[in-house]
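See structure below.
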């Protein structure tokens with residue numbers, strides 16, 4: 001795991017208007033560092049937003065963190081990923097995850113009982129297709145029998161997997177190029193997830209995946225309620241069994257029956273990063289020291305409580321502090 005460290009940007013909401021994403025993409029372009037990430041958007045589809053931004057001249061590195069595997073065949077996932085890489089002119093991270101068990105039950109019931117092995121097979125299939133190999137697999141409801149992509153030159157595509165707990169970390173070690181975490185405490189990443197994915201990769205004869213971690217953040221400003229910002233950003237996660245289980249494994253007492261108290265614990269523990277821009281930059285640097293290669297700053301709590309202008313102001317200040325610290 002010798003990848004250089006980088007700090008990147010998360011577009012924090014599902015896109016209903018490409019114009020809303022432009023300032024975030026422009027910030028990445030002006031910095032000349034990092035990439036712009038976006039999760040699964042069910043309004044304007046994620047890859048379409050990236051393509052639109054590239055068509056507007058914002059040809060920057062992009063990453064999906066994550067798109068949901070039950071929604072598209074792995075062949076289409078591979079086509080979409082290399083399309084974004086080609087249109088942007090930069091390497092792309094195709095981050096993939098199965099979604100919550102409730103979501104899987106509504107759109108792909110066959111995957112619900114085997115989410116880890118199903119998504120591992122899915123990621124392996126996407127990787128094989130992008131490598132020019134014939135793919136033979138059954139990933140949930142999707143079957144691939146000898147399918148190959150047509151030849152098409154494009155920048156590198158890394159295939160990522162969303163990782164919360166050890167089982168998915170082992171799956172990432174076996175199949176993914178990038179392990180993408182969300183709300184994971186730094187020590188939990190270093191002491192639990194990285195050893196699991198490293199051992200799994202070594203057993204499979206692979207290079208361990210690099211780690212990209214989505215980190216929720218807000219500058220501590222007068223009158224700002226940080227707990228409310230955290231709760232607004234990730235309240236549904238704090239009410240879910242699998243996210244709160246991960247947080248408890250990482251030493252953060254979170255109870256799905258008490259999501260507001262969970263938000264308080266996120267702020268108290270520093271998993272929701274806050275403080276001055278310089279203090280936030282120092283905490284992000286600490287994540288790098290815990291083995292995270294790419295820190296993805298998510299100011300969604302500020303966006304949802306105070307609007308996009310306030311979110312962009314925070315993000316700009318945080319990245320300026322990161323860049324100043326990097327060049328000291």
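The values are calculated or read from the model by the stated rules, or taken from the named source; none is laboratory data. Quick caveat, the model's predicted, so the values are computed rather than measured. Note: ideal-geometry Cβ built from the backbone for every residue, glycine included; neighbour counts use all protein chains shown.
Things to note:
Every residue, every condition in (1) under 30 Å from residue 132 (Cβ atoms); (2) modelled with pLDDT under 95; (3) under 18 Å from the mean Cα position of the chain (by Cα), yes or no:
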{"site": "169", "(1), (2), (3)": "yes, no, yes"}
{"site": "185", "(1), (2), (3)": "no, no, yes"}
{"site": "188", "(1), (2), (3)": "no, no, yes"}
{"site": "198", "(1), (2), (3)": "yes, no, no"}
{"site": "206", "(1), (2), (3)": "yes, no, no"}
{"site": "246", "(1), (2), (3)": "no, no, yes"}
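- Candidates 101, 80, 64 - the one that is surrounded by fewer than 24 Cβ atoms within 10 Å (Cβ to Cβ) and under 29 Å from residue 312 (Cβ atoms): 80
- Positions within the stretch 264-284 being touching a residue at least 24 places away in the same chain (Cβ under 8 Å), in contact with a helix residue (DSSP H, G or I) (Cβ under 8 Å, 6 or more places away or on another chain) and not in a loop (DSSP other than H, G, I, E, B), in sequence order: 264, 266, 267, 273, 274, 275, 277, 278, 280, 281, 282, 284
- For residue 309, the stated conditions do not hold, so it cannot be described as buried (at least 24 other Cβ atoms within 10 Å of the Cβ) and either in a helix (DSSP H, G or I) or free of Cβ contacts under 8 Å to residues at least 24 places away in the same chain (or both).
- Scan of the stretch 72-128 for residues that are within 13 Å of residue 47 (Cα to Cα), in a helix (DSSP H, G or I) and touching a residue at least 24 places away in the same chain (Cβ under 8 Å), ordered by number: 77, 78, 79, 80, 81, 82, 83, 84, 85, 86, 87, 88
- Residue in the stretch 101-121 that is touching a helix residue (DSSP H, G or I) at 6+ places or on another chain (Cβ under 9 Å) and under 30 Å from residue 58 (Cα atoms) present: no
- Some residue of the stretch 138-149 being surrounded by fewer than 22 Cβ atoms within 10 Å (Cβ to Cβ) and part of a helix (DSSP H, G or I): no
- Number of positions in the stretch 1-19 that are at pLDDT 95 or above and surrounded by fewer than 17 Cβ atoms within 10 Å (Cβ to Cβ): 4
- Meeting the requirement of 3 or more residues that are crowded, with 22+ Cβ neighbours inside 10 Å and in contact with a strand residue (DSSP E or B) (Cβ under 9 Å, 6 or more places away or on another chain), the helices (runs of 4 or more DSSP H) wholly within the stretch 190-263 are 226-238.
- Of all residues in the stretch 30-58, those being closer than 25 Å to residue 284 by Cβ and surrounded by fewer than 18 Cβ atoms within 10 Å (Cβ to Cβ) number 4.
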